[in-house]
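These notes concern the structure reproduced below.
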Amino acid sequence: MNRKYLFCYVMVAPALILTLLLGIYPMIASLILSFRSYDLLRLQEHGSQWVGLQNYYTVFADERFVQTVIQTVLFTILAVGISVAMGLFLAQIINLKFRGRAVLRTAILVPWFVPPVVASAIWMWLLQTDRSPINALLRDWGWITGDIRFLTDPTTIGPFSIPMMSVVAVRVWNGLPFIIVFLLAGLQSIDRNLYEAADMDGANILQKFRHVTLPMLRPVMLVLLALLFMTGFGHFEMNYIMTGGGPRNLTNVMAVYTYQQGFQFFKFDQAAASSGVILLMTSVVCVIYLRMQARTNLR
């Protein structure tokens, strides 16, 4: 074997071993568990037996799980859509040259340095019903007369609720800096001559954005959207910490449902089946991304 390749393999080996031990092996073990009975409260009495797809039938027969799947998709679409739209807007602003750009960039990136657990705790305080600074500010402005129950209002309009939108807003706030940095790197790689040519053709701002910026950002956007959707389907921290899936299961997502089944009800078989559905959803996103990437490479 060529020494150069051997050196590369040796350098990659630690990361590969950690990925296998902490990522691939637990994923395969969980997938196998989803086809067995493994109720921790009944394990000594009944043992663990192969049940095939029974665990999947059981979770899909649970109305809470079906509701949770729908809400997971809604949460992901809303968070990704809003954050990418805002990221495109803000990335183009901080890509311009103006006085104070460094300060603005720093301010925009601040949420990135706040861990999701800490961000959730801060926003739980800001969004509490009785002592919310946001409610106090809105009352001072005369926009509301009573307190808004940001995290506890069970009122719904279709599948949407105030707690759902509150958690979405926090997820957007926390994830927006990553998207901005990603898009800013893509914007800075675009040849400025393309914009100069568009100016010579009389293109306005919207036309340059549509015909120059978006097409040139397509490779970056494909990677970004794939990452955001895959991580969005498995998102856990903020929904669990801020609402625990409530009220009335209105903010529950599949990762929280999986945790509840496993560590609150000790039904590890159904928790594994739920995580198997998450794996399937993220795999679909991955396959779509690979197909689109392949088509792009063939052009």
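The values are calculated or read from the model by the stated rules, or taken from the named source; none is laboratory data. Just so it is clear, the structure is predicted and the values come from calculations on it, not from any experiment. A quick note on method: Cβ atoms are made from the backbone with ideal geometry, for glycine too, and the neighbour counts reach across all protein chains shown.
Please pick out the residue among Thr251, Thr213 that is crowded, with 18+ Cβ neighbours inside 10 Å, outside any helix (DSSP H, G or I) and not acidic (Asp, Glu). Residue meeting the stated conditions: Thr251. When we screen Met281, Met242 for residues that are touching a Leu at 6+ places or on another chain (Cβ under 7 Å) and either over 15 Å from Thr58 (Cα atoms) or among the β-branched types (Val, Ile, Thr) (or both), the only hit is Met242. Scanning the stretch 216-248 for residues that are assigned to a helix (DSSP H, G or I) and polar (S, T, N, Q), we see that the one that is farthest from the chain's Cα centre (by Cα) is Asn239.
Within the stretch 90-147, the only residue that satisfies the criterion of being out of contact with any Leu (no Cβ under 9 Å at 6 or more places or on another chain), among the hydroxyl-bearing types (Ser, Thr, Tyr) and touching a residue at least 12 places away in the same chain (Cβ under 8 Å) is Ser120.
Identify, please: which residue in the stretch 1-60 is part of a helix (DSSP H, G or I) and charged (D, E, K, R) and is, among those, nearest to Ile278 (Cα to Cα)? Residue satisfying both the conditions and the ranking: Glu45. For the stretch 199-236, a residue qualifies if it is modelled with pLDDT of 90 or more and of a type in the set (S, T, N, Q), and exactly one does: Thr231.
Conditions (1) without any contact (Cβ under 8 Å) to a residue 12 or more places away in the chain; (2) over 30 Å from Val285 (Cβ atoms); (3) touching a Lys or Arg at 6+ places or on another chain (Cβ under 8 Å), marked per residue:
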| position | (1), (2), (3) |
| --- | --- |
| Arg149 | no, yes, no |
| Val168 | no, no, no |
| Leu176 | no, no, no |
| Leu187 | no, no, no |
| Met200 | yes, yes, no |
| Leu217 | no, no, no |
| Leu222 | no, no, no |
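Once the stretch 115-174 is narrowed to residues that are farther than 28 Å from Val84 by Cα, charged (D, E, K, R) and part of a helix (DSSP H, G or I), the residue that is farthest from the chain's Cα centre (by Cα) is Asp140.
Among residues that are among the β-branched types (Val, Ile, Thr) and surrounded by 18 or more Cβ atoms within 10 Å (Cβ to Cβ), Thr231 is not included. Within the stretch 62-101, if we keep just the residues that are within 20 Å of Phe160 (Cβ to Cβ) and among the charged types (D, E, K, R), the residue that is nearest to the chain's Cα centre (by Cα) turns out to be Arg64. Every condition in (1) out of contact with any helix residue (DSSP H, G or I) (no Cβ under 7 Å at 6 or more places or on another chain); (2) surrounded by 16 or more Cβ atoms within 10 Å (Cβ to Cβ) holds for Asn193 except the one numbered (2). Would you confirm whether any residue within the stretch 286-297 is hydroxyl-bearing (Ser, Thr, Tyr) and touching a Ser or Thr at 6+ places or on another chain (Cβ under 7 Å)? No, that holds for no residue. Screening the candidates Gln293, Gln264, Gln270, Gln260 for the property of being more than 23 Å from Trp173 (Cα to Cα) and loosely packed, with under 13 Cβ neighbours inside 10 Å yields one hit, Gln264.
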